[in-house]
Amino acid sequence: MDKVKASPHTDKLAKCEECGIVITGDVAALQCDCCENSEAWKCAKCLGMSADLYQELMNTETSKWFCRECHTRTTGASPD
């Protein structure tokens, strides 16, 4: 049985940390504004975010989104 080798570039693609979808220009997603870790992405669907709210966040420079680790570190509180 032949094994399919993964492309050497697939490991470097940003993915939603919850569902694993690859983040492309067609995927509404947020990267942590604090750590900007390449693994700190969440798609709008996993965040439960409407398309309108996502667009509002994209158009507002002062709005920030933090991954779970950065949120906990900066506020001392769990995001849940």
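Could you tell me whether any residue of the stretch 31-40 is buried (at least 17 other Cβ atoms within 10 Å of the Cβ) and either out of contact with any Phe, Trp or Tyr (no Cβ under 6 Å at 6 or more places or on another chain) or small (Gly, Ala, Ser) (or both)?
Within the stretch 31-40, one or more residues are buried (at least 17 other Cβ atoms within 10 Å of the Cβ) and either out of contact with any Phe, Trp or Tyr (no Cβ under 6 Å at 6 or more places or on another chain) or small (Gly, Ala, Ser) (or both).
Would you mind finding the one in Cys70, Cys46 that is assigned to a helix (DSSP H, G or I), in contact with a strand residue (DSSP E or B) (Cβ under 7 Å, 6 or more places away or on another chain) and within 18 Å of Glu18 (Cα to Cα)?
Cys46
Of all the residues that make up the stretch 23-80, how many are farther than 20 Å from Leu13 by Cβ and of a type in the set (Val, Ile, Thr)?
Residues flagged as farther than 20 Å from Leu13 by Cβ and of a type in the set (Val, Ile, Thr) within the stretch 23-80 amount to 5.
Return the pair list, or none, for Cβ contacts closer than 7 Å from residues in the stretch 58-71 that are acidic (Asp, Glu) to residues that are assigned to a loop (DSSP other than H, G, I, E, B), at least 6 apart or on different chains.
none
Working only within the stretch 1-24, note down all residues that are exposed (fewer than 10 other Cβ atoms within 10 Å of the Cβ), in a loop (DSSP other than H, G, I, E, B) and modelled with pLDDT under 90.
Met1, Asp2, Lys3, Val4, Lys5, Ala6, Ser7, Pro8, His9
The values are calculated or read from the model by the stated rules, or taken from the named source; none is laboratory data. Note that the structure is predicted; figures quoted are calculated from it, not measured. Cβ: placed from backbone, ideal geometry, glycine included. Neighbour counts: every protein chain shown.
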